[in-house]
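For reference, the structure is listed below as structure tokens.
Where a number appears in this text, it was derived from the coordinates with a stated rule and is not lab data. Just so we're clear, the structure is a prediction, and the values are computed from it rather than from any experiment. As a convention, Cβ positions derive from the backbone with ideal geometry for all residues, glycine included, and neighbour counts pool all protein chains shown.
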Amino acid sequence: MDLSERQEFAIAACREAGELALSYFSRGASLVVDRKGQQDWVSEADKEVELFLRKRIAEAWPLDGIFGEEHGAASGDSGFDWVIDPIDGTTNFVNAIPNWTIVLAGVSDARTHLGVIHDPNMSETFAAVRGRGATLNGVRISVASGVDLADGTVAVGYSNRVEAANVIPVVREVMAHGAMFHRNASGALSLAYVAAGRLLGYLEEHMNAWDCLAGQLLIEEAGGVVEMQNANDMIARGGRVVVGTPDVFETLKAICDTAWGR
């Protein structure tokens, strides 16, 4: 399994997908948008960007499997699977807010081995390969060090798959510890910001694999702490996500354990 070649491919494919997504983003009110559920949207851009990435993967790695948010799973024989979120932050996208990103993760043996989060609005590409560190536009990044909760910011995500009220005690406790509360409606981008040292942590009661696998690997490779899950289980069912710097992770985990149970 040549991860270097796959990473180069993933970065290039995400950047190409970002250009395609920007062409849809510029359409504004003329963009076709459907409602999947409460505060859960899918645009024509989501569907077309995912189809673009699927085609690129199928051409380059025809034996690999593919899992995506908008289209069905495609099984593979290589033992390596790609997990796609064509546009993470669709609510922002359809409301002309430039906080959304393209996400691609590579999974084998129930572990995430590579991840790319590309923000075309800021021309920022976050990438990681297991055991090789994390980068932003090719420059090594690391999580914040020596920063207490009272001096930093923690992002808290919201999923319509759980009770909305469950967010309230988490936000309350984060703020009670003196931290600023952040939410930008793109969980993947928030995870990338933790890896880059911009946020101290990210908490969400339920995330799907395409939203979080790449970001969790980025944080782990940037020196952060990740509440680990089996990647195959995350692909099948999703789960909670708790990540943070080594200085604050245990406190954040305790907050989530109290609010959501272990």
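Here are a few things to note about the model shown:
- Kirkwood hydrodynamic radius of the chain, Cα pairs, Å: 18.2
- Distance from the Cα centroid of segment 111-131 to that of segment 182-221 is 11 Å (rounded to whole angstrom).
- Helical content of the chain, expressed as a calculated mean residue ellipticity at 222 nm, amounts to -11500 deg cm²/dmol (DSSP H runs of 4 or more residues, -39,500 (n - 2.57) each, divided by residue number, nearest 500).
- Kirkwood radius, segment 74-184, all distinct C-alpha pairs, inverse of mean reciprocal distance: 16.7 Å.
- Whole-number percent relative contact order across segment 60-171, with pairs defined as alpha carbons under 8 Å at least 6 apart: 12
- Placing a label point 7 Å from the Cα of residue 73 along the Cα-to-Cβ line, the residues of segment 221-262 whose backbone N sits under 18 Å from it are 229-240.
- At least 30 Å along the helix axis (C-alpha) and Kyte average at least -0.5, DSSP helices within the chain: 3-25
- Percentage relative contact order, segment 3-140, counting C-alpha pairs under 8 Å, at least six apart: 22
- Its Cα gyration tensor gives segment 149-260 an equivalent ellipsoid. The semi-axes, each the square root of 5 times an eigenvalue, are 19, 17, 12 Å from largest down.
- Listed peptides 7-16, 194-203 by packing density, highest first (mean Cβ within 10 Å): 194-203, 7-16
- Computed over the alpha-carbon atoms, segment 3-140 gives an Rg to Rh ratio of 0.97, Rh here being the Kirkwood radius from the mean inverse distance.
- Each residue, residue 8 and residue 151, gets one label point 7 Å from its Cα in the Cβ direction; the gap between the two is 4.1 nm.
- Relative contact order of the chain: 17 percent, from C-alpha pairs under 8 Å at least 6 residues apart in sequence.
- Protection proxy ranking of 236-242, 251-257 - average other beta-carbon atoms within 10 Å, highest first: 251-257, 236-242
- Efficiency of FRET between residue 198 and residue 58 - r from beta-carbon atoms, R0 25 angstrom, step 0.05: 0.10
- Per the Cα gyration tensor, segment 133-209 maps to an equivalent ellipsoid with semi-axes of 23, 17, 7 Å, ordered largest to smallest.
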